[in-house]
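Trainee: Please see the structure below; I have some questions.
Only the coordinates and a few stated rules stand behind these numbers; no lab work does. These numbers were taken from a predicted model, which means no experiment stands behind them. Here the Cβ is made from the backbone with ideal geometry for all residues, glycine too, and neighbour counts use every protein chain on show.
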Amino acid sequence: MPNSRWEYSERAIAMKSNVIREILKITKKPGVISFAGGLPAPELFPSATIKEVTNKILTDSPGEALQYGRTEGYPPLREVVAERMNKLGVPCTAEEILITSGSQQGLDVVGRVFLDEGSLVVTSRPTYLGAIQAFDTYRPRYVTFDSDKDGMTVDGLEDTLLTGEVRVIYLVPTFQNPDGRTIPTDRRKLIIDLAEKYGIPVVEDDPYSELSFDGEVPEHMKSMSPEMVVYLGTFSKLLAPGFRIAWLIAPRGDCYDRCVRMKQGADLHTNTLGQHIIYEYLKTGDFDEHLEKIRKAYSKRRNVMVEMMHKYFPEGVSFTEPNGGLFLWVTLPESINTTELLPKAVEKQVAYIPGNAFYPAGGGYNTMRMNYSKPNEEEIEIGIKRLAELFDEALGK
Ligand SMILES: Cc1ncc(COP(=O)(O)O)c(C=O)c1O
């Protein structure tokens, strides 16, 4: 091979492949009911309206919509996003909004702005794997805190912050990917108080709070302390992930300016046409109705999944029952290793993600993440029965 003597960067050599993407390849076999992905239901995409607004844009203003744009984002879209965020209780102005290529880029920008090799990142275990993958490029170390039913626990957090080595506290505080847990208001306040006391930024990664099934969500951490929190929101789960359009809200001044410069170096700006389409779509006034529709559908699917789990899962298997988002978390007796069990699951035509993938420092071997937004109700029923059978066999029942 002529390129066999190329030297790769230490960063590239250290980067592992994303376990989930590897697993998703196996689970795409025909006939397999997959609870492994994290995809929104494609049949619910508002494609007819998107087609209409796209036609309108390409008829009325193709020159602007297909042109280079500003790094900060399409100004009217930033305005509308700021308005929406204020309605949701997050105080911000359009000048603090940076439109990013998915929240995944927001995470990369956070990494570029805050992390050096060896810097500490505080997060929960389990946590969102994609954040670890984005941060890993900058080679930080992680201090992870266990989760209880209310998300990340905080025992020992102050001692860790006291080391002076922590650069960011990264959290998905509402309907977390992967476990569906939500940190309640009092624990959020505690974390914010400590962040303020030690001057550490909190990254509030929030793709799911607008997918609350009963409309209840605790106060956003960004609202509790706007100057201490970098907030990430995205249209991926609310509208369609293929747009790759999301937003980062950073305190004005140094932090915001650095985020803009880092993004500029990566991709100059987010896809202009997509930003125009989302802006025009929001102007139609259909978005709230669409959100209501997907909340209802996901809530029904969650109910079916939970009901089936209660009915068929053997004793000793427990699971979270989130009131929003796309995922729930199953914990099996410690004798079961869900990574080892996966090939047998695929043989039975059902798939999940082993929970260990969400533990940056190892652990969670007897857990799994289950998605309920993509499979329909019938598939959920059949798939949970298949899993229950598998658990019975594995537990010798
Ligand atoms: C917690 C969390 N953050 C960020 C992302 C990335 O979202 P986006 O599609 O906006 O890049 C996801 C996607 O699943 C997620 O679950």
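Trainee: Please give, to one decimal in nm, the separation of the simple spin-label points placed at LEU291 and ALA361, each 7 Å out from Cα toward the Cβ.
Mentor: Each label point is offset 7 Å from its Cα along the Cβ direction, giving 3.7 nm.
Trainee: Based on the Cβ-Cβ distance of LYS311 and ASP146, what FRET efficiency does E = 1/(1 + (r/R0)^6) give at R0 = 35 Å, to the nearest 0.05? Before the final figure, lay out the partial values.
Mentor: Numbers: r = 30 Å, r/R0 = 0.85.
Efficiency, from the Cβ-Cβ distance: 0.75.
Trainee: So which trypsin sites (Lys or Arg not before Pro) in the range 110-191 pass both tests, a DSSP loop state and at most 11 other Cβ atoms within 10 Å of the Cβ?
Mentor: Filter output for the range 110-191: LYS149.
Trainee: Taking the Cα-to-Cβ direction at TYR198 and at THR153 and moving 7 Å from each Cα, how far apart do the two end points lie in nm?
Mentor: Simple spin-label model gives 1.8 nm for this pair.
Trainee: Separate question: For the range 65-160, state which chymotrypsin sites (Phe, Trp or Tyr not before Pro) are in a DSSP loop and have at most 16 other beta carbons lying within 10 Å of their beta carbon. Mind showing how you got there, number by number?
Mentor: Details: sites: TYR68, PHE114, TYR128, PHE135, TYR138, TYR142, PHE145; in loops: TYR68, TYR128, TYR138.
For chymotrypsin sites (Phe, Trp or Tyr not before Pro) across the range 65-160 that sit outside H, G, I, E and B with at most 16 neighbouring Cβ atoms in 10 Å, the list reads TYR68.
Trainee: Would you mind telling me the antiparallel percentage of the DSSP bridges in the chain, rounded to 5? Intermediate values should be presented prior to the final figure.
Mentor: Values: 21 of 39 bridges.
The answer is about 55 percent antiparallel.
Trainee: Let me ask something else. Could you work out [θ]222 nm for the chain from helices alone, using -39500 (n - 2.57) per DSSP H run of at least four and dividing by all its residues? Round to the nearest 500 deg cm²/dmol. The partial results should precede the final answer.
Mentor: Numbers: 15 runs with 171 residues, N = 397.
Helices in the chain give a 222 nm mean residue ellipticity of -13000 deg cm²/dmol.
Trainee: On full extension of the chain, what length is gained from ILE26 through GLU95, given 0.36 nm per residue of separation minus the C-alpha to C-alpha distance?
Mentor: Gain on extension, ILE26 to GLU95, equals 20.4 nm.
Trainee: Further question on the same structure: So what is the relative contact order of the range 67-284, in percent, for Cα pairs below 8 Å that sit 6 or more residues apart? All intermediate terms of the calculation are to be shown ahead of the outcome.
Mentor: Values: 388 pairs, mean separation 59.9, N = 218.
Rounded, it is 27 percent for the range 67-284.
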